[in-house]
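Q: So that we are looking at the same thing, I have put the structure below in structure tokens.
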Amino acid sequence: MLPETYAYERGATRAAVLARAERAMDQALAKAWAGRAEGLGLSGPREMLILASIVERETARPAERPLVAAVFLNRRRLGMRLQSDPTVAYAVTGGSGALTRKLSRADLDSDSPYNTYRIAALPPGPIDSPGRASLQAVAHPADSDALYFVADGTGGHAFAHTLAEHNRNVAKWRASQEK
């Protein structure tokens with residue numbers, strides 16, 4: 001379903017409102033797929049939807065969505081695992097995604113087709129309902145060769161092109177959490 005505000009009339013059934021939200025998602029996804037950039041490496045609209053759902057969960061900052069999408073598409077192109085924490089949270093919560101604690105090493109090692117630390121592919125389905133902005137971010141990712149990102153301690157992310165640079169960003173993030 002497309003997460004938007006929907007006007008409806010008194011007496012409208014829940015099923016009718018949900019069907020409308022599903023049609024809206026179908027239309028938004030079809031539009032994003034039809035207007036996508038070349039060479040994304042996605043096999044079809046369903047893969048776009050799944051990746052957009054991960055982008056949606058990774059960042060709430062609109063400006064970061066195309067960068068996050070670029071990182072994931074770059075990693076896929078190189079055969080790297082996505083290693084997305086929200087997919088692990090989705091897996092260990094049985095699909096609710098609402099984890100009330102930090103992810104543990106055991107969580108990252110958990111056996112699930114949604115755990116992108118373990119699987120070398122997209123999960124079998126979306127982990128939430130992405131909005132139009134996340135669909136468009138995947139359809140038109142940033143022009144970046146970044147392969148990594150980590151929280152920067154301010155609500156955003158630090159992006160990196162190399163593992164060494166990423167490790168420095170992780171160290172900065174950890175130091176910010178100890179303050």
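Q: Can you name the residue in the range 53-78 that is among the small types (Gly, Ala, Ser) and farther than 27 Å from Ser104 by Cβ and, of all such residues, is surrounded by the fewest Cβ atoms within 10 Å (Cβ to Cβ)?
A: Checked the range 53-78; the qualifying residue surrounded by the fewest Cβ atoms within 10 Å (Cβ to Cβ) is Ala63.
Q: I would also like to ask the following. Can you tell me which residue in the range 158-179 is surrounded by the most Cβ atoms within 10 Å (Cβ to Cβ), limited to those that are more than 22 Å from the chain's Cα centre (by Cα), at pLDDT below 90 and assigned to a helix (DSSP H, G or I)?
A: Only one residue fits best here, namely Lys172.
Q: Quick test for you: out of Leu108, Leu135, Leu99, pick the one residue that is surrounded by 13 or more Cβ atoms within 10 Å (Cβ to Cβ) and touching a Leu at 6+ places or on another chain (Cβ under 8 Å). Full working, then the answer.
A: Details: Leu108 fails: touching a Leu at 6+ places or on another chain (Cβ under 8 Å); Leu99 fails: touching a Leu at 6+ places or on another chain (Cβ under 8 Å).
Sole residue among the options that is surrounded by 13 or more Cβ atoms within 10 Å (Cβ to Cβ) and touching a Leu at 6+ places or on another chain (Cβ under 8 Å): Leu135.
Q: Is it fair to say Tyr148 is open to solvent by 30 Å² or more (accessible area, probe 1.4 Å) and out of contact with any Leu (no Cβ under 8 Å at 6 or more places or on another chain)? Spell out the reasoning first.
A: Numbers: open to solvent by 30 Å² or more (accessible area, probe 1.4 Å): yes; out of contact with any Leu (no Cβ under 8 Å at 6 or more places or on another chain): no.
Against the criterion (open to solvent by 30 Å² or more (accessible area, probe 1.4 Å) and out of contact with any Leu (no Cβ under 8 Å at 6 or more places or on another chain)), Tyr148 does not qualify.
Q: Where residues in the range 1-17 are part of a loop (DSSP other than H, G, I, E, B) and surrounded by 12 or more Cβ atoms within 10 Å (Cβ to Cβ), which of them is farthest from the chain's Cα centre (by Cα)?
A: Let us first name the residues in the range 1-17 that are part of a loop (DSSP other than H, G, I, E, B), namely 1-13.
The next check asks that each one be surrounded by 12 or more Cβ atoms within 10 Å (Cβ to Cβ); those that pass are 1-4, 6, 12.
Values: Met1: 16, Leu2: 15, Pro3: 15, Glu4: 18, Tyr6: 24, Ala12: 32 Å.
The extreme case among them is Ala12.
Q: Output the residues belonging to the range 93-141 that are under 30 Å from Gly35 (Cα atoms) and polar (S, T, N, Q).
A: Residues satisfying the conditions are Asn115, Thr116, Ser129, Ser134, Gln136.
Q: Here is a further query. Which residues, taken from the range 125-175, are more than 28 Å from Met25 (Cβ to Cβ), among the small types (Gly, Ala, Ser) and touching a residue at least 24 places away in the same chain (Cβ under 8 Å)? Break it down stepwise before answering.
A: Of the residues in the range 125-175, the ones more than 28 Å from Met25 (Cβ to Cβ) are 145-148, 150-154, 158-175.
Within this subset, residues satisfying the condition of being among the small types (Gly, Ala, Ser) are 146, 151, 153, 158, 160, 164, 171, 175.
Ala146, Gly153 - these are the residues of the range 125-175 that are more than 28 Å from Met25 (Cβ to Cβ), among the small types (Gly, Ala, Ser) and touching a residue at least 24 places away in the same chain (Cβ under 8 Å).
Q: Thr154 fails exactly one of the following numbered conditions: (1) over 21 Å from Leu49 (Cα atoms); (2) surrounded by 14 or more Cβ atoms within 10 Å (Cβ to Cβ); (3) among the polar types (S, T, N, Q). What is the number of that condition?
A: Of the numbered conditions (1) over 21 Å from Leu49 (Cα atoms); (2) surrounded by 14 or more Cβ atoms within 10 Å (Cβ to Cβ); (3) among the polar types (S, T, N, Q), the odd one out for Thr154 is (2).
Q: If I filter the range 80-96 down to residues being open to solvent by 60 Å² or more (accessible area, probe 1.4 Å) and of a type in the set (Gly, Ala, Ser), which single residue comes out as farthest from Tyr117 (Cα to Cα)?
A: Looking only at the range 80-96, we keep the residues that are open to solvent by 60 Å² or more (accessible area, probe 1.4 Å), and these are 81, 83, 85, 94, 96.
From the residues that got through so far, the ones that are of a type in the set (Gly, Ala, Ser) too are 94, 96.
Numbers: Gly94: 17, Ser96: 19 Å.
Checked the range 80-96; the qualifying residue farthest from Tyr117 (Cα to Cα) is Ser96.
The values are calculated or read from the model by the stated rules, or taken from the named source; none is laboratory data. As the structure is a prediction and not an experimental result, all values here were calculated from the model. For neighbour counting, all protein chains shown are included, and Cβ atoms are generated from backbone atoms with ideal geometry for every residue, glycine included. The area values use the complete protein model at the heavy-atom level, side chains included, leaving out ligands, DNA and RNA. Shrake-Rupley method; radii C 1.70, N 1.55, O 1.52, S 1.80 Å.
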